[in-house]
Structures are given as structure tokens and as C-alpha cells.
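All of the numbers you see were taken from the coordinates with simple rules; none came from a lab. Keep in mind that this is a model prediction, so the values were computed, not measured. Please note: Cβ atoms are built from the backbone with ideal geometry, for glycine as well, and neighbour counts cover all protein chains shown.
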Amino acid sequence: MAGRIRWGLALACVGALAACSASKTASPTTTAPTPKATTSPVAAADKTLTILVTNDDGVGAPGIDAVVQGLRALPATKVTVVAPATNQSGTGGKTTPGTITAAQATTASGYPAMAVNGYPADTITWAIVQHGISFRPDLVVSGINFGQNIGPLAGESGTVGAARAAVAQGIPALAASQGIDNGMSADFAEGVTQVDAWITLHRTALVDHSYGPVVPAANLNIPSCAGGVVRGPVMAPLATSITGISITTVNCTSTQTSFSNDVAAFINGYAVISPLGTAG
């Protein structure tokens, strides 16, 4: 955990002439030292939060473009995009041996990016390990993915794989996925709202690196609702099985309010956050 800097105020000492002696010889003058400039700690709200954005759908996908635009709207936030050159969905935590290459690209709306020739986890290797970028970001956002990565599906997700690769490098990460319902496309605007809210909630800890010895790592899944509204977010662990469950049937009008795992929360219309380890 980053140490706290103690800030002090410099004190100025002002001297005075001593009284004259009987021989009228004056005492030497004590010269006051120049006061030191006072310094105040920078409030977390005024610090720039640096975010590296990646995904598994590829640099030109609509989900990453949506989240980049949303993050850029946050105050004092610097967004850098390093994403796979092509769609790498379902590649989990796969990596490419040897030197990884990248080329200049843009997102769908024209935001500058670097397109990595490799898997989602390779984007972290290129950016952080191979120093493709010149700084260590405060946070990695992976997504917004097209389609939910809940329960055991998380382990197969390149979106999650990139987030776990970041955590392995000691960098906090948020994997974000926008769910799809039968007959409805992904509502990325809702996903952006949830991502921005998570970052706003954790901003101080992220920008100050004051989150303690455990690096924050979260898997956020947001349903797309044909009827009703998205609620939450709620916290729930990853489900170990989806056998017998239709994960593309979401009931955003459900009255259920307690859930044993992320799948149960998601199919009842809740944005759900699950802890995300470095493997699984």
C-alpha cells in the first residue's frame, strides 16, 4: 500500500536587535531565514486517474468504443486503448510466446489505439511487461464485452483473461460484459453507466493506490432488459454451474432480491459484481 506523505508547515524565526551594551556596542542582528513554501496534499478528485482499456472483441468493436467514450467523460481521467487487432472471444487467458507486436489503430469512433497482434492477455504483456506504454495505469478496464461472462463462462472469456493478466501484474482490473437477452441486442449505454459508477465509487483508492495488499479485481455483468429496468449492482460469487439455466432469458421485472451466485442475480435483472482471482 502506498505510504502516506506527511506534510508539515515551515516555521519562520524572526530575530530582533539586542539591547546596546554600556559601551554602546550593538549585538549582532539575527537574520530571519526565508520561509519554506508550504505544500498541501493533492485531493484524489484532482489527481488524474489513468485507465488502460482492452477487450476481447477487437479494437473496432462497439463495446470498447462505448466504454472509452464513457470513461473520457469522467473528470480528470486519462484513457489509453490497447486491444486485440481482431476478435479474440473465448480465448481465456491464452498468451503468445516471444515478442508481441502492435500497430496504430482507432476505435470505431476514431479514438487512438494500439492494436496488438495476439490474445487479450497479450495486450497486458505488450503494454506493461514489454513497456508498450510509458506508464503503469491505475486501472485496467477490459470490455465492454458483447455477451455475459457469468459463472463458469468467465474462465473461457478473453475479457476476463485480460483482467486477470493485469491483476497478475499488480494492477487493479474491472472486466465488464454487457449481457444479451433473447431477441434483444446489447445495451452498451447501460453498461457504460455501471462501469462509470464502479470507477467513481472506487476512484480514491485507485488513484491513491490505497486499496491494501489485495489488488482489486472484479467481474461486472450487466443485463440488457427488454422490459423493466436494470437494478443493482449487487455482489455475488461466480456460479460453478449453469446446467439447466437459460442465461439468455432475463427477467428485469423480477421481485427476487437475494441471490446465491452471479447467475441467479443476472437472470433476475441485476447488474452483478463478482470477485475475480488471477486464475479459475
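Tabulated data for the structure shown
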item: Relative packing of peptides 213-220, 251-258 - highest average C-beta neighbours within 10 Å first; result: 213-220, 251-258
item: Segments 238-245, 52-59 sorted - mean Cβ within 10 Å per residue, highest first; result: 52-59, 238-245
item: Separation of the Thr95 and Leu201 label points, Cα + 7 Å toward Cβ, nm; result: 3.1
item: Computed lengthening from Arg72 to Thr243, 0.36 nm per intervening residue step minus Cα-Cα distance; result: 57.6 nm
item: Tyr211-Glu156 pseudo-label distance in nm [points 7 Å out on the Cα-to-Cβ vector]; result: 2.8
item: Derived scalar couplings ³J(HN,Hα) [segment 149-164; Karplus, 6.51 cos²θ - 1.76 cosθ + 1.60; whole Hz; x for Gly, Pro]; result: 10, 10, x, x, 5, 4, x, 8, 7, x, 4, 5, x, 5, 5, 5
item: Kirkwood Rh in Å, taken over all unlike Cα pairs in segment 46-275; result: 17.3
item: Modelled label reach - Gln256, point 7 Å along Cα→Cβ, segment 152-187 residues with backbone N closer than 19 Å; result: 152-154, 179-182
item: Charge dipole of segment 46-275 about the Cα centre (unit charges at C-beta), most positive-ward option of Ala218, Thr243, Thr204; result: Thr204
